[in-house]
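First the structure, in the form of structure tokens, and then the observations on it.
The values are calculated or read from the model by the stated rules, or taken from the named source; none is laboratory data. Everything quoted here is computed from the prediction, not taken from an experiment. When we count neighbours, we look across all protein chains shown, and the Cβ atoms used for this are built from the backbone with ideal geometry, even at glycine.
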Amino acid sequence: DVKVTQSSRYLVKRTGEKVFLECVQDMDHENMFWYRQDPGLGLRLIYFSYDVKMKEKGDIPEGYSVSREKKERFSLILESASTNQTSMYLCASRGGVGTYEQYFGPGTRLTVT
Amino acid sequence: GIQVEQSPPDLILQEGANSTLRCNFSDSVNNLQWFHQNPWGQLINLFYIPSGTKQNGRLSATTVATERYSLLYISSSQTTDSGVYFCAVGTNAGKSTFGDGTTLTVKP
């Protein structure tokens, strides 16, 4: 079974703090994704990565950066957290060409106060 | 980009009833998934079904790619089926587009 894990289920941070959200997958997948989910707005793609050290902006990258130094790990960084970044953050991974099934981690509920 | 529309947005059923959820999409796709979001927020994979029909227990799904829609059938619904059901579609380019979901409530 594919397993995608996220570093925290719940996180509370203060405005202005630097926040790291970690995601690890164990299936040697090339592609990894970060989404945020907000009531009424559905799932929105923040960033994705199709290989180590490669990244592409999604639909809402502003205020976020990412890091992929190893194939199994994809980090989402909030450089200076703001209250409008309070959300549910979901990480996903997917294999390469011909294997398009996406698998999600359990999610991190981030509250910025 | 691709537009994804799910219907109905909300569905309330009595336990034991059957239901059909629909996903329409605006362009050709080569991947389509159905997910169930559980009460803790995790998205659980139900089906990867870019075309054809699949069944898994009480759930089945059909995608008619040429007509740009997919259906998820839930038979003999149980209270544990409650939650939000999402359809996600995509192309080789890598990104998936999610619908807004159908919120299913199954009453005992």
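Key figures for this structure:
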read-out	value
Residue that is farthest from the other protein chains (Cβ to nearest Cβ) [pool: residues in segment A:60-93 that are in a strand (DSSP E or B) and of a type in the set (V, I, T)]	A:I77
Long-range neighbours under 7 Å by Cβ, at least six apart or interchain, first residue more than 22 Å from A:K71 (Cβ to Cβ) and modelled with pLDDT of 95 or more within segment A:1-15, second surrounded by 11 or more Cβ atoms within 10 Å (Cβ to Cβ) and not aliphatic (A, V, I, L, M)	A:Y10/A:R109; A:L11/A:T108; A:V12/A:T111; A:T15/A:S82
Failed item, numbered, when B:T53 is tested on (1) surrounded by 14 or more Cβ atoms within 10 Å (Cβ to Cβ); (2) part of a strand (DSSP E or B); (3) hydroxyl-bearing (S, T, Y)	(1)
Within segment A:85-113, tally of residues that are over 11 Å from A:N31 (Cβ atoms) and touching a residue at least 12 places away in the same chain (Cβ under 8 Å)	17
Matching residues, segment B:56-108, being within 14 Å of chain A (Cβ to nearest Cβ) and assigned to a loop (DSSP other than H, G, I, E, B)	B:T91, B:N92, B:A93, B:G94, B:K95, B:G99, B:D100, B:G101
A:S49 being among the hydroxyl-bearing types (S, T, Y), touching an Asp or Glu at 6+ places or on another chain (Cβ under 6 Å) and within 13 Å of chain B (Cβ to nearest Cβ)	no
Residue match in segment B:11-34 (condition: among the β-branched types (V, I, T), over 18 Å from B:G90 (Cβ atoms), in a strand (DSSP E or B) and in contact (Cβ under 8 Å) with a residue 24 or more places away in the chain)	yes
Matching residues, segment B:68-108, being free of Cβ contacts under 8 Å to residues at least 60 places away in the same chain, touching a Cys at 6+ places or on another chain (Cβ under 8 Å) and buried (at least 21 other Cβ atoms within 10 Å of the Cβ)	B:S70, B:L72
Lone unmet requirement of (1) touching a residue at least 40 places away in the same chain (Cβ under 8 Å); (2) at the interface with another protein chain (Cβ under 10 Å from one of its Cβ atoms) for A:C23	(2)
Residue in segment A:2-11 that is buried (at least 20 other Cβ atoms within 10 Å of the Cβ), within 10 Å of another protein chain (Cβ to nearest Cβ) and β-branched (V, I, T) present	yes
Single residue of segment A:94-113 satisfying the filter (at pLDDT below 95 and more than 7 Å from chain B (Cβ to nearest Cβ)) that is farthest from A:Y64 (Cα to Cα)	A:G98
Whichever residue in segment B:7-44 is among the polar types (S, T, N, Q) and touching a Phe, Trp or Tyr at 6+ places or on another chain (Cβ under 6 Å) and, among such residues, is farthest from the other protein chains (Cβ to nearest Cβ)	B:T20
Restricting segment B:56-66 to residues that are of a type in the set (S, T, N, Q) and loosely packed, with under 13 Cβ neighbours inside 10 Å, the residue that is farthest from B:Q33 (Cα to Cα)	B:T66
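Okay, residues lined up against (1) at pLDDT 95 or above; (2) farther than 18 Å from A:L41 by Cα; (3) aromatic (F, W, Y):
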residue	(1), (2), (3)
B:I2	no, no, no
B:P9	yes, no, no
B:Q14	yes, yes, no
B:S28	no, yes, no
B:F35	yes, no, yes
B:G52	yes, yes, no
B:L71	yes, yes, no
